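Note sheet for the following structure.
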Amino acid sequence: MLVLSGIVVIALGFVLRLNPLLAVALAAAVTGLAAGLDPRAVLAAFGKAFNDARVVSLAWIVLPVIGTLERHGLQTRAADLVARLRGATPGRLLTGYLLLRQISAALGLVSIAGPAQTVRPLVAPMAEAAAGTDDGQVRERVRAMAAATDNVGLFFGEDMFIAIGSILLMVGVLQNYGITLAPFALAVWTIPTAIIAFCVHAFRLWLLDRGLK
């Protein structure tokens with residue numbers, strides 16, 4: 001029963017409002033020691049778990065790189081580039097990004113862009129520069145629309161990729177009911193939805209430009 005003491009540690013950690021990661025780590029250590037493992041074996045188990053899930057920690061490698069680029073003027077350079085383009089508006093810029101995001105997601109490249117990778121350091125500053133104003137409310141609206149554009153492009157673009165989890169899940173559920181359907185057939189029928197989503201959001205971006213004018 002002492003092995004279950006880790007559950008008590010987790011409960012106490014949440015009651016005391018400790019950092020969740022710290023509470024879980026303490027619970028794991030207590031469970032290992034209660035099971036008769038020596039501290040070195042517990043530490044080895046932590047190391048093995050971290051190594052097995054090392055893909056999860058890739059974000060901690062990407063974020064310092066993005067931070068370093070921002071510190072050396074990435075946002076400023078992106079804004080200057082857009083400021084020199086004639087006819088650039090937030091709506092036109094974000095419409096192009098929406099198309100790029102949908103196409104890349106349809107090819108399975110869902111992780112090459114995102115709020116942390118592209119929206120905050122590049123897309124949002126470029127859209128703000130295209131707006132050409134220092135008004136705080138306008139800048140926040142443009143930032144929100146940049147994030148929404150990324151979400152719409154990813155959500156309605158990734159289903160056109162036959163190996164995405166949602167497509168495979170639907171194929172598996174239908175097979176349980178005796179309906180055999182190829183993933184490609186489902187992916188094809190997501191194309192009209194993606195086109196409609198693009199048109200609707202592009203219209204919203206056109207309204208954004210019109211409101212800014």
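Below 12 angstrom from the Cβ of Trp206, what's the summed charge of the other residues (Lys, Arg +1; Asp, Glu -1)? It works out to a net charge of +3.
Using θ = phi - 60° in the Karplus curve 6.51 cos²θ - 1.76 cosθ + 1.60, the 3J(HN,Hα) couplings for the stretch 175-183 round to 5, 5, 9, x, 9, 8, 9, 6, x Hz; x is entered for Gly and Pro. The calculated FRET efficiency for Ala144 paired with Val173, based on their beta-carbon distance and R0 = 35 Å, is about 0.50.
Note on Arg40 and Asn151: with the Förster distance fixed at 41 Å, the Cβ-Cβ geometry gives a FRET efficiency of about 0.35. A viscosity of 0.890 mPa s and a temperature of 25 °C, combined with the Kirkwood radius over Cα pairs in Stokes-Einstein, give a translational diffusion coefficient for the chain of 117 µm²/s.
Label positions at Val65 and Val110, each projected 7 Å from the Cα along the C-beta direction, are separated by 2.0 nm.
The ellipsoid equivalent to the alpha-carbon distribution of the stretch 173-213 has semi-axes of 38, 9, 5 angstrom, derived from the gyration tensor eigenvalues as √(5λ) and listed largest first.
Overall, the stretch 117-173 carries a charge dipole of about 40 debye about its Cα centre when +1 sits on the Cβ of Lys and Arg and -1 on the Cβ of Asp and Glu, all other atoms neutral. Using only side-chain charges placed at the Cβ, +1 for Lys and Arg and -1 for Asp and Glu, the dipole size of the chain relative to its Cα centre rounds to 400 debye. Averaging Cα coordinates gives a centre for the stretch 1-53 and one for the stretch 144-184; these two points are 37 Å apart.
What the Cβ-Cβ distance of Thr193 and Leu85 gives, at R0 = 30 Å and to the nearest 0.05, is a FRET efficiency of 0.40. Once the Cα-Cα distance is subtracted from the 0.36 nm per residue extended length, the Thr133 to Met1 segment shows a gain of 41.1 nm.
Here the sum of -39500 (n - 2.57) over DSSP H runs of 4 or more residues, divided by the residues of the chain, equals -23000 deg cm²/dmol at 222 nm, to the nearest 500. Based on protein heavy atoms only, the chain ends up with 66 Å² per residue of surface accessible to a 1.4 Å probe. Distance between the C-alpha centres of the stretch 120-134 and the stretch 196-213: 16 Å, rounded to the whole angstrom. Heavy-atom surface analysis with a 1.4 Å probe gives the chain a carbon and sulfur content of 70 percent of its accessible area.
The values are calculated or read from the model by the stated rules, or taken from the named source; none is laboratory data. What you are looking at is a predicted structure, and each value in this text was computed from that prediction instead of being measured. Please note: Cβ atoms are built from the backbone with ideal geometry, for glycine as well, and neighbour counts cover all protein chains shown. Only protein heavy atoms, including side chains, enter the accessible area calculation; ligands, DNA and RNA are left aside. Shrake-Rupley method; radii C 1.70, N 1.55, O 1.52, S 1.80 Å.
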